[in-house]
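The values are calculated or read from the model by the stated rules, or taken from the named source; none is laboratory data. Keep in mind that what you see is a predicted model, and the values were worked out from it rather than measured. Cβ atoms come from the backbone with ideal geometry, glycine included; neighbour counts cover every protein chain shown.
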């Protein structure tokens, strides 16, 4: 049986949600900069807000699963999409 643990190395040492960050970069580059349409420009902020909501939801689930009074989290959890960001609460 595999041990389930919080990943704190690699990309996750810099930013908690590298998949969302990659999605934002791709959508911004293709839908806003390269080939902007009213639909893609209007949908971009909606996607960012949805992913931000998901990130905060995942943060609450992670804290409930991995942080206990006996085993407090050893790294600052970042709900941000930018490296080095505090991510808020």
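Summary of computed values
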{"item": "Count of residues meeting criterion [closer than 20 Å to residue 60 by Cβ and more than 11 Å from the chain's Cα centre (by Cα)] in the stretch 1-40", "result": "5"}
{"item": "Residue count for the stretch 1-40, restricted to those that are modelled with pLDDT of 85 or more and either in a helix (DSSP H, G or I) or surrounded by 14 or more Cβ atoms within 10 Å (Cβ to Cβ) (or both)", "result": "20"}
{"item": "Residues satisfying the stated conditions in the stretch 41-55, i.e. under 11 Å from the mean Cα position of the chain (by Cα) and surrounded by 14 or more Cβ atoms within 10 Å (Cβ to Cβ)", "result": "48, 51, 52, 55"}
